[in-house]
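Novice: First the structure, then my questions, so here it is.
The values are calculated or read from the model by the stated rules, or taken from the named source; none is laboratory data. Values in this document were obtained by computation on a predicted structure and should not be read as measured data. Please note: Cβ atoms are built from the backbone with ideal geometry, for glycine as well, and neighbour counts cover all protein chains shown.
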Amino acid sequence: MNTKLTIVDTKLMPPLIKKTHIRKSCLMRKLKTSVQYSLTIVHSGAGYGKSSALSLYIHDVRQNFCWYTISGNDDDIIPFVTYIVYSLRKRYPFLGAELMEYMNTMDKYIRDEEIYSLCALFINEISHIQNETILVLDDFHLVDHSFTINQWLERVIEHLPGFFHIVISTRNKPKWNLLTKWKVSGKVLEILEEDLTLDKEEVELLFQDFYGLEVEDTQLQSIFQLTEGWVIALSMIAEQIEKGTSIQEILHYHHSSMEELFHYLAIEVFSKQSPIIQSFLEQTSIFEDITPQVCDEILGIQGSDLMLEQLAERNAFLHKIWGSKQYRFHALFRASLQKKLKEEQASLYRQLHERCARYYEKINLWEQAVYHYEQIHLFEPIGYLLEKNANDMLQSGRLESLYEKLKKLPDEVKDRYKILWFYEGEVLRYQSFYEKAERCYQHLINASVGNDHLNLIGKAYEGIAKIYLDTIQPGKAERFLQLAIEATESHPDAEESEKQHLYFLMAENFVNSGQASKAEKYYEKGKMQNQQLHDGNLDARLYLRTGKLEMAKRVLTGRLSTEVSILPKSHRETDILLSFIEACMGNAEKAKELAQRGIERGIRYKSSFVEACGWMRMGSAVQILDQYEIQLAEQCYMTSLKMMEEMKISRGKAEPYMGLCILYSRIGEYEKAKEFGKMALEETEKVYDLWLSSFIQLCMGIAHFFSDELDDARRFLSDAKENFVQCGDPYGLMLTELWNAFLTFETNEEEQFYSAISSFLKEVQLGNYEFIFLRKTPFSPKDLQSIMPLLIKAKELNVHSAFTYRILKEMGYEELDSHPGYTLKVETLGIFKVWLGDRLIDEKDWQRGKAKELFQFFLTHRGKWWSKEEIYQKIWPDADDKSMDQEFKVLLNALNRTLEPHRKARANPFFIHRHNNTYCLNPKAVIDVDFIQFEEWIYAGLDEKYPNKARNILKKGLELYKGDFLSERRDVWSTTERERLLTVFLRGAEKMAQLCVQNNDPNEAIIWCERILKMDSTWEEAYRLVMYCYYQKNNRPQAIKWYKKCESILMNELGVEPMEPTKRIFEMILIGSESFSI
């Protein structure tokens, strides 16, 4: 639950309009068109009158407007959205109830889905307004650094209803990804610096009509050139001339920048004020927001309200907020006055800041007090305030702000307020600066000698232990946790909750080392409450390390939708932990999505360790996803390793090393696999992580099995099995017994196979691990069909017969007496290739060319039964009928031997089925065929409504099209299919080109169009697109050439002219239209 935000009402009011404000007619006309756009951006440097121009516009048009002046303290999504809601409530009092209620459940750091929810709730709320409404966000540059604010606002603008308009005033143009798209689609109006500057006639109007000054034309021209139409500088020059300064004196001032000119003018304006006003201006320049109450209190005077009112009325450097008694200096003017006060009256400057700090302390605004103490380097009271308030900042996730304050304090101040060393260490630990964090904790230990400081010593040891908990180094963590427990238990005033927290950490550490029984003892000792088990996801990690994957998943999934995450938890982050569990259960897409969120969370927290953990989990997910190249998984693991190396966290390398071990095993690079496995084991054995060591030993066993080093494989699998039993992890034991079954099946050790397969099937049933037969995991075989011979052998040996029969029946294999143990992979688009699992069939393996042709026919007509007569009529219509029977028998035997070279004698073929006198491909066989996947991806892309998603889907399909379907064949049946698939490709490529145009990517669109036309030179839509793209690139000659080429080819090939839409585009290109689209 958030602390209730105090709304400063004056931030919801625009600045008052002064008599000297000029209504630039062209600017006002442009601003009036803002109701035609979802977004208007007014951006320029300081002093160009952005806020004043918007205030004038609102005053003139009398629209339903809502105003929000942003301050630097609003740089978090909660206060930002809250202020927007309160701004809208000025017009629509009952708006935002559901949105505010939702925000009350959120805290400092929020997840992506919460950003979406906030966006959706906001859009739903404003959709009820129905009236034309303008929301002005003034001074947006003060929060432009906030990732979550930008993310939320970008999504809101994308979905704004037509009657709602947002106007942003900022010194820096936002860097939103969608901004270019919005500009192209006419959704954005930009007001630039040149729109805000005054021209010479407007300068003359300002001087003559508003200040009553007659200025010679040559002098006016010189002033205009000096100021370049900068409004604030012109106003200050006019005020100086009005008070007697000569124009020549101003014009002869040499400046190197506009800021330097402003400083000169500010001092000149200041010098024309009375001594009392000068003193008042100097002293109030230390305030960020000025009110009569603060002035009277700090300066010890009365009548500040009248003085402020008069100054705001007469001068350009002070603004009053509408309907309030709050004022603000122009930022540049304030900076000039502060500089002058500090240089000329250092003692007074110091006294005023100290008075301000004491005042803010008294009214419990401690951060404002710290700001004023910082200005005069008064560190002792800052140390006192931070000692009282740092923990609140830490718990609310304000790490950067806290660290900025702490690092400014001298060491001797932190030595007097010793707990600050602990807080600095905590901030650095959360941000993965582990060496610096440990130095802070160690400094606290050295500075806290004696029994009086046992509580601080305990905290310091706890901090060091947490470093090793974060980086999963149980051996080192245990030593420091024991020291922390001893110090805390020895302290007479230690709270029971402090001791329980340390017992909780020790329990977590034993979970990390795979010692579940010891962990349970500390649970009991600490009398763990549910909330403690939730902290750091300890309960879910205990479930994971004891093989209860479903329970771990259920706990984390529920937590993912409700948790409020404030501080980074290293490897304990819910999404990162759940990603590994989903991968272990074969849910690769979900694992990938969660890993991506983990990476983004690490970036958002600025926690390199969290990000690195996200990358290693991404590697595990990508490795078991068929649509990605294996190099992508390798890259993910390498990224994680590089980050761990940079952070000098050696233990963090173990899991990516393990991932690389299994990855290289799968692609046949066995020496690399074993080397990475060896390095992984070295890391886990150094820190006594028995559980992860067991998985690495399993991976090493797999690597040696694939490289036919079966004795070494047996040794590693035996060690893994023993350790999984010791850790109490039935999931790891199940996997180990699966690979033991593979090993003993390979070596024909029937007794040992019986033991291994029995244990495997038992653990599958007890742990609900049936997914192992259906989905790939990082530790299962790459080809799940390789498990089928094991199950058929188990059925033969009557091992867990009811369960084995059910699994085989669900796959349609209950009647089989043999299975080849691999998936067929076939490429038909381009060069024809067939793989038996990972082995590519050579041309000589087909034995007979007609056997390959027969397989291609069955593949193309999959799902239909054919007699040999029908087959011959389709493929070899000229064959001799007399020899057909004998030849077909020979061809069919050759095909079966090619597809199943190790099939046992008299066993029925698996891939080619016979029913009476008809034949077809086994419909239950797993055959990975490229043209089927190609069609599925293309049609999915054509149906997808969201452009970015459609591009990604189409790309997957188009990449599969490496050439024509069965390009070496010329039969009628293959030609028909070839032409059909080519048309599917052309439709997909056309859609891809159109999406590239929509995304303002003409170069990519041209590439696709040229590829289309290379395959079908009469595809007219490709000509239209390529003409449009070249025109958008300002290359009209090339666009015209493409039209002429289109015209010529259509006439020569088809005897027709281009269609009307093509002609219209050509005509628009000729006349140079800037507004046409296709």
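Novice: Being under 22 Å from ALA703 (Cβ atoms) and either touching a residue at least 24 places away in the same chain (Cβ under 8 Å) or out of contact with any His (no Cβ under 6 Å at 6 or more places or on another chain) (or both), is that true of even one residue in segment 608-615?
Specialist: No, segment 608-615 has no match at all.
Novice: Pairs, please: C-beta under 6 Å, at least 6 apart or cross-chain, first residue in contact (Cβ under 8 Å) with a residue 40 or more places away in the chain and in segment 743-754, second surrounded by fewer than 17 Cβ atoms within 10 Å (Cβ to Cβ)?
Specialist: Hits for this filter: TYR754/LEU797.
Novice: A further question on this structure: When you go through ALA925, ALA894, ALA851, ALA950 one by one, which is the residue that is under 21 Å from TYR628 (Cα atoms) and crowded, with 16+ Cβ neighbours inside 10 Å?
Specialist: ALA950
Novice: Looking only at segment 629-644, decide whether some residue is of a type in the set (Ser, Thr, Tyr), touching a helix residue (DSSP H, G or I) at 6+ places or on another chain (Cβ under 9 Å) and either in contact (Cβ under 8 Å) with a residue 40 or more places away in the chain or under 30 Å from ILE927 (Cβ atoms) (or both).
Specialist: The answer is no; no qualifying residue exists.
Novice: How many residues are in a helix (DSSP H, G or I) and either without any contact (Cβ under 8 Å) to a residue 12 or more places away in the chain or among the basic types (Lys, Arg) (or both) when one looks only at segment 182-219?
Specialist: 8
Novice: Take segment 767-787 and flag every residue that is modelled with pLDDT under 95 and of a type in the set (A, V, I, L, M).
Specialist: Matches in segment 767-787: LEU774, LEU784.
Novice: Within segment 352-370, count every residue that is of a type in the set (A, V, I, L, M), within 38 Å of the chain's Cα centre (by Cα) and surrounded by fewer than 17 Cβ atoms within 10 Å (Cβ to Cβ).
Specialist: The qualifying residues number 1.
Novice: Which ones in segment 514-549 are assigned to a loop (DSSP other than H, G, I, E, B) and modelled with pLDDT under 80?
Specialist: Residues satisfying the conditions are GLY514, GLN515, LYS527, MET528, GLN529.
Novice: Within segment 316-337, take every residue that is under 42 Å from the mean Cα position of the chain (by Cα) and assigned to a strand (DSSP E or B) and give me the one that is modelled with the highest pLDDT.
Specialist: TYR327
The rows are residues; the columns are (1) in contact with a Pro (Cβ under 7 Å, 6 or more places away or on another chain); (2) of a type in the set (S, T, N, Q); (3) touching a residue at least 12 places away in the same chain (Cβ under 8 Å); (4) surrounded by fewer than 20 Cβ atoms within 10 Å (Cβ to Cβ).
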{"site": "GLY957", "(1), (2), (3), (4)": "no, no, yes, no"}
{"site": "ARG980", "(1), (2), (3), (4)": "no, no, no, yes"}
{"site": "THR983", "(1), (2), (3), (4)": "no, yes, no, yes"}
{"site": "GLY988", "(1), (2), (3), (4)": "no, no, yes, no"}
{"site": "MET992", "(1), (2), (3), (4)": "no, no, yes, no"}
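Yes/no matrix, rows are residues, columns are (1) farther than 13 Å from SER694 by Cβ; (2) more than 42 Å from the chain's Cα centre (by Cα); (3) of a type in the set (A, V, I, L, M, F, W, C):
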| residue | (1), (2), (3) |
| --- | --- |
| ARG715 | yes, yes, no |
| LYS721 | no, no, no |
| PHE724 | no, no, yes |
| TYR731 | no, no, no |
| LEU738 | yes, no, yes |
| PHE742 | yes, no, yes |
| ASN748 | yes, yes, no |
| TYR754 | yes, yes, no |
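Novice: Quick one: ALA879 ticks every box in (1) outside any loop (DSSP other than H, G, I, E, B); (2) hydrophobic (A, V, I, L, M, F, W, C); (3) not assigned by TED's automatic domain parsing to the domain that holds ASN740 bar one, so which box is it?
Specialist: That leaves (1) as the condition not met.
Novice: Quick test of your reading of the structure: GLU435 fulfils all but one of (1) touching a residue at least 60 places away in the same chain (Cβ under 8 Å); (2) buried (at least 22 other Cβ atoms within 10 Å of the Cβ); (3) not hydrophobic (A, V, I, L, M, F, W, C). Name the failing condition by number.
Specialist: Only one criterion is unmet by GLU435, namely (2).
Condition check ((1) more than 20 Å from the chain's Cα centre (by Cα); (2) assigned by TED's automatic domain parsing to the domain that holds PRO781; (3) touching a residue at least 24 places away in the same chain (Cβ under 8 Å)) across all residues:
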| site | (1), (2), (3) |
| --- | --- |
| LYS590 | no, no, no |
| GLY602 | no, no, yes |
| GLU655 | yes, no, yes |
| LEU660 | yes, no, yes |
| GLU669 | yes, no, no |
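Novice: How about segment 851-867: which of its residues are at pLDDT below 90 and of a type in the set (D, E, K, R)?
Specialist: ARG862
Novice: Moving on. Could you name every one of the strands (runs of 3 or more DSSP E) located completely within segment 882-960 that has at least 3 residues being in contact with a Ser or Thr (Cβ under 9 Å, 6 or more places away or on another chain)?
Specialist: Hits in segment 882-960: 927-929.
Novice: Still on this structure, please answer the following. Considering only segment 131-181, how many residues are without any contact (Cβ under 8 Å) to a residue 60 or more places away in the chain and among the aliphatic types (A, V, I, L, M)?
Specialist: Here the count works out to 4.
Novice: Please find, among TYR349, TYR384, TYR373, the residue that is more than 43 Å from the chain's Cα centre (by Cα) and part of a helix (DSSP H, G or I).
Specialist: Going through TYR349, TYR384, TYR373 in turn, just one is more than 43 Å from the chain's Cα centre (by Cα) and part of a helix (DSSP H, G or I): TYR349.
Novice: Restricting attention to segment 1002-1016, which residues are of a type in the set (Val, Ile, Thr) and loosely packed, with under 14 Cβ neighbours inside 10 Å?
Specialist: Listed by number, the list is empty, since nothing qualifies.
Novice: On to the next question. Can you tell which of ILE696, ILE757, ILE702 is in contact with a helix residue (DSSP H, G or I) (Cβ under 8 Å, 6 or more places away or on another chain), among the β-branched types (Val, Ile, Thr), buried (at least 23 other Cβ atoms within 10 Å of the Cβ) and in contact (Cβ under 8 Å) with a residue 60 or more places away in the chain?
Specialist: Going through ILE696, ILE757, ILE702 in turn, the sole match is ILE702.
Novice: Which residue, of LEU481, LEU409, LEU505, is hydrophobic (A, V, I, L, M, F, W, C), in a helix (DSSP H, G or I) and either over 30 Å from VAL725 (Cβ atoms) or at pLDDT below 90 (or both)?
Specialist: Unique residue meeting the criteria: LEU505.
Novice: Could you check ASP928 against (1) over 15 Å from GLN785 (Cβ atoms); (2) in contact (Cβ under 8 Å) with a residue 60 or more places away in the chain and say which number it fails?
Specialist: Tallying (1) over 15 Å from GLN785 (Cβ atoms); (2) in contact (Cβ under 8 Å) with a residue 60 or more places away in the chain, ASP928 fails exactly one: (1).
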